[in-house]
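Asks: Sharing a structure here in structure tokens format.
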Amino acid sequence: MTPLSSNFQAPPEEESAEDPTGGRYAMKVISKENYIEKEHVFGKEIDILKELQHSPDIAKFLEGNVVDGALYMRFELCPAGDLFDFLTEHEKVSEEQAAQMIRCVTQALDFMHERRIVHRDIKPENLLLIAAGNGMFNLKVTDFGLSSYIAEGQLLYDCCGTPTYVAPEVLLNEGYGFTVDIWSLGIILYIVLVGFPPFQTATRNEADLFNQIIEGFVYFPSPAFDKISWAARLVILQMLQGKDIRPTAKELPQIAGDWYKDATSTDENEDMARELVTHHLAFNTNDGEGFDDPADFVYERRASLDELSGVHAGP
């Protein structure tokens with residue numbers, strides 16, 4: 001674990017602060033009590049952040065310091081906020097915007113996974129917006145509190161993450177690897193296109209939600225998906241496949257084809273995608289009935305279905 005310096009002046013406990021050179025940055029503050037209890041966990045998180053600091057698609061970690069027993073972690077500031085807050089205001093995005101966002105996160109995941117790091121909590125709250133002009137946004141991945149290294153041939157078994165985005169193999173305790181992050185990203189793609197998730201329960205019952213996730217039937221209800229291309233729907237299905245056939249972050253750009261590159265799809269590709277998606281729906285027992293206002297449900301921040309566990313990282 002990387003040793004932390006105590007030669008640091010603590011800023012006010014707020015989301016952003018200013019350094020002596022006038023630049024602004026984001027600050028994550030861990031209380032003394034929490035840091036003492038989980039010092040090894042936060043040390044591991046910092047080691048992972050340092051290893052990932054050269055990716056343009058990951059929020060840059062600047063430094064971590066302990067002051068009076070509390071941990072102060074400084075990051076580059078992304079003033080546009082996170083994807084969750086953006087969706088709370090705008091509900092959904094265009095296919096072109098969605099493809100751009102998915103490209104950024106896929107690139108970040110590829111960078112992580114090549115270094116044998118799995119995030120395990122990919123969700124809109126952990127994706128920071130960067131304005132890219134013409135109404136487009138790039139995304140940067142942040143919050144590696146649940147991330148873990150995976151050795152060659154190793155599987156993880158910790159049940160952790162956020163229920164809406166958790167992969168079925170995590171719930172089934174089958175052992176899981178890097179592609180749990182791809183599953184979570186597939187859920188996000190569905191949400192940003194229509195404003196609500198593919199798996200949901202009107203009663204907010206965890207068992208019902210988890211059963212839907214395990215069954216894995218993805219439905220594209222009308223009218224929400226009427227104007228969404230078949231190519232986009234097929235990309236979602238590809239990301240929400242079983243763990244043994246789900247694409248890796250490196251494979252996804254090739255598998256997703258033209259839609260991944262610029263949200264375009266030829267007539268021929270649309271016909272093929274329609275056939276494949278329709279074949280999937282023929283075996284789908286989900287009747288597509290959801291909430292009167294599903295967007296209100298999913299964007300109620302940190303409701304009872306927030307964290308599956310208090311586990312911060314694997315062994």
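Asks: Could you check Q100 against (1) closer than 30 Å to L62 by Cβ; (2) more than 15 Å from the chain's Cα centre (by Cα); (3) among the polar types (S, T, N, Q) and say which number it fails?
Replies: Just one mismatch for Q100, condition (2).
Asks: Need the failing condition index for Q200 against (1) touching a Leu at 6+ places or on another chain (Cβ under 8 Å); (2) of a type outside the set (A, V, I, L, M); (3) modelled with pLDDT of 95 or more, just the number.
Replies: That leaves (3) as the condition not met.
Asks: Considering only residues that are closer than 13 Å to M101 by Cα and surrounded by fewer than 22 Cβ atoms within 10 Å (Cβ to Cβ), which ones fall in region 114-166?
Replies: Of everything in region 114-166, those that are closer than 13 Å to M101 by Cα and surrounded by fewer than 22 Cβ atoms within 10 Å (Cβ to Cβ) turn out to be L129, I130, A131, A132, G135, M136, F137, N138.
Asks: Considering only helices (runs of 4 or more DSSP H) fully contained in region 145-225, which possess at least 1 residues that are farther than 29 Å from R116 by Cα? Steps first, please.
Replies: Working: elements: 168-171, 180-194, 206-215.
It comes to 180-194, 206-215.
Asks: What residue, among those in region 217-273 that are hydroxyl-bearing (S, T, Y) and more than 18 Å from the chain's Cα centre (by Cα), is farthest from I102 (Cα to Cα)? Show your work before the answer.
Replies: Initial filter on region 217-273 (hydroxyl-bearing (S, T, Y)): 219, 222, 229, 248, 260, 264-266.
Next cut, more than 18 Å from the chain's Cα centre (by Cα) only: 219, 222, 229, 264-266.
Working: Y219: 20, S222: 23, S229: 16, T264: 14, S265: 16, T266: 20 Å.
Restricting to residues being hydroxyl-bearing (S, T, Y) and more than 18 Å from the chain's Cα centre (by Cα), the top hit is S222.
Asks: Any residue at all in region 245-254 that's in contact with a Leu (Cβ under 8 Å, 6 or more places away or on another chain), closer than 29 Å to F137 by Cα and among the hydroxyl-bearing types (S, T, Y)?
Replies: no
Asks: Quick check: is even one residue across region 146-153 hydrophobic (A, V, I, L, M, F, W, C) and within 20 Å of A26 (Cβ to Cβ)?
Replies: Within region 146-153, one or more residues are hydrophobic (A, V, I, L, M, F, W, C) and within 20 Å of A26 (Cβ to Cβ).
Asks: Let me spell it out: the conditions are (1) hydrophobic (A, V, I, L, M, F, W, C); (2) within 30 Å of W230 (Cβ to Cβ); (3) not assigned by TED's automatic domain parsing to the domain that holds K261, and V66 meets all of them except one. Which number is the exception?
Replies: Failed condition: (2).
Asks: Now, a different point. Under 20 Å from the mean Cα position of the chain (by Cα), crowded, with 22+ Cβ neighbours inside 10 Å and of a type outside the set (A, V, I, L, M): does that describe F199? Reasoning before the result, please.
Replies: Values: under 20 Å from the mean Cα position of the chain (by Cα): yes; crowded, with 22+ Cβ neighbours inside 10 Å: yes; of a type outside the set (A, V, I, L, M): yes.
Taking the combined requirement at face value, the residue satisfies it.
Asks: So, one more: So L139 fits all but one of (1) assigned to a loop (DSSP other than H, G, I, E, B); (2) in contact (Cβ under 8 Å) with a residue 60 or more places away in the chain; (3) within 20 Å of A26 (Cα to Cα); what number is the exception?
Replies: (1)
Asks: In addition: For region 101-116, check the following and say yes or no: at least one residue is in the same structural domain as Y149 (by TED's automatic domain parsing) and either more than 30 Å from D158 (Cβ to Cβ) or not in a helix (DSSP H, G or I) (or both). Can you show your working first?
Replies: First, the residues of region 101-116 that are in the same structural domain as Y149 (by TED's automatic domain parsing): 101-116.
Checking the rest, the ones that are also either more than 30 Å from D158 (Cβ to Cβ) or not in a helix (DSSP H, G or I) (or both) come to 115-116.
Yes, region 101-116 contains a residue that is in the same structural domain as Y149 (by TED's automatic domain parsing) and either more than 30 Å from D158 (Cβ to Cβ) or not in a helix (DSSP H, G or I) (or both).
Asks: With the structure loaded, tell me whether L128 is assigned by TED's automatic domain parsing to the domain that holds Y260, assigned to a strand (DSSP E or B) and closer than 22 Å to P163 by Cα or whether it fails that test.
Replies: Values: assigned by TED's automatic domain parsing to the domain that holds Y260: yes; assigned to a strand (DSSP E or B): yes; closer than 22 Å to P163 by Cα: yes.
For L128, the condition - assigned by TED's automatic domain parsing to the domain that holds Y260, assigned to a strand (DSSP E or B) and closer than 22 Å to P163 by Cα - is met.
The values are calculated or read from the model by the stated rules, or taken from the named source; none is laboratory data. These numbers come from a predicted model, not from an experiment. Glycine also receives a Cβ, built like all others from the backbone with ideal geometry; neighbour counts cover every protein chain displayed.
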